[in-house]
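Laboratory data are not the source of any read-out in this text; all were calculated from the coordinates shown. A quick note: this is a predicted structure, and the numbers were derived from the prediction, not measured. Cβ sites come from the backbone with ideal geometry, for glycine too, and all protein chains shown count toward neighbours.
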Amino acid sequence: MLTIDRATYDGIVAHAKRDHPDEACGIVAGPEGSDRPERLVEMVNAAGSPTFYEFDSTELLDLYKQLWAADEEPVVVYHSHTATEAYPSRTDIGLASEPGAHYVLVSTREHGNNDGPVEFRSYRIIDGEVTEEEVVVVPELSTNQGVS
Amino acid sequence: MAIEVRIPTILRTYTGGEKAVSGDGDSLSALIDNLEASHPGIKERLLDNGDLRRFVNVYINDEDVRFIGGLGAELKDGDQVVVLPAVAGG
């Protein structure tokens, strides 16, 4: 199950709508081992493509150095699909390399850059196996640290 | 000669869970062979047909090795190497 606060959820959706028809991508960082997505980091899609996304290699290193310095990890890795459903593609599955992360897929195929609902779904992708999980949107993450 | 190599989560099965290991070699290619000797299987995850995998990034002192000679990039004592899988998909 992914528990995410409303502001972060809305931030991911807004990013996906803004970058449509290209795929948007980013992470939500949180303290290592906490499973708390606390800090939204929008990344540039270096591929600038409606069918592919990739973090720029220099920005990727900068991001991870920040995370390491703060004892954080990517709790959520998100990207959008702009013409297809919010389900991991074969490429997404093949390249998924954060076994501890929630992989969030947003599909903007229905309303593009405009207002309107989007598909927002979350998965675990481990050793090529995809497991969808429930997404629970809360007003704010609980302050009760360490209890999941 | 010691070079610190930062290992990403997904490859820590080869390093007994260690986040960083020490290796040596005067080029990236030699370093990878040296790592393979202590952590069998890791080379296959970094290389494909003798070249760096397209979706594995390796940095020497913060420089993406693709811009500084790839597998031939030179290394010296004290250099810091980081391995990071690309965050990418379709």
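A few remarks follow.
- FRET efficiency for the pair A:Asn113 and A:Glu134, taken as 1/(1 + (r/R0)^6) with r the Cβ-Cβ distance and R0 = 30 Å, rounds to 0.60.
- Nearest-0.05 FRET efficiency for B:Asp62 and A:Ser142, computed from C-beta distance (R0 35 Å): 0.40
- Derived scalar couplings ³J(HN,Hα) [the range B:15-28; Karplus, 6.51 cos²θ - 1.76 cosθ + 1.60; whole Hz; x for Gly, Pro]: 10, x, x, 5, 7, 8, 10, 10, x, 8, x, 9, 8, 4
- Bridge type composition, the protein assembly as shown - antiparallel percent by DSSP, nearest 5: 75
- Residue-averaged 222 nm ellipticity for chain B, from DSSP H runs of 4+ at -39500 (n - 2.57), nearest 500: -5000 deg cm²/dmol
- For the peptides A:4-16, A:72-84, A:125-137, the ranking by mean Cβ contacts within 10 Å, running from highest to lowest, is A:72-84, A:4-16, A:125-137.
- Residues A:Lys17, B:Lys19 in ascending order of nearby Cβ atoms (within 10 Å, fewest first): B:Lys19, A:Lys17.
- Electrostatic bookkeeping for B:Lys19 treats Lys and Arg as +1 and Asp and Glu as -1; over the other residues with beta carbon under 15 Å from its beta carbon, the sum is -4.
- Taking the helices alone, chain A has a mean residue ellipticity at 222 nm of -6500 deg cm²/dmol, built from -39,500 (n - 2.57) per DSSP H run of at least 4 residues and averaged over all its residues.
- For the pair B:Arg6 and B:Asp77, label points projected 7 Å from Cα toward Cβ lie 2.4 nm apart.
- Assuming charge only on the beta carbon of Lys and Arg (+1) and of Asp and Glu (-1), the dipole of chain B about its Cα centre is about 420 debye to the nearest 20.
- Cβ-placed point charges (K, R +1; D, E -1), dipole of the protein assembly as shown about Cα centre in debye, nearest 20: 260
- Taking a straight Cα-Cα cut-off under 28 Å and skipping sequence neighbours fewer than 8 places away in the same chain, the lysines within cross-link reach of B:Lys43 are A:Lys65, B:Lys19, B:Lys76.
- About the Cα centre, charge dipole magnitude for the range A:1-135 (Lys/Arg +1, Asp/Glu -1 at Cβ), debye: 240
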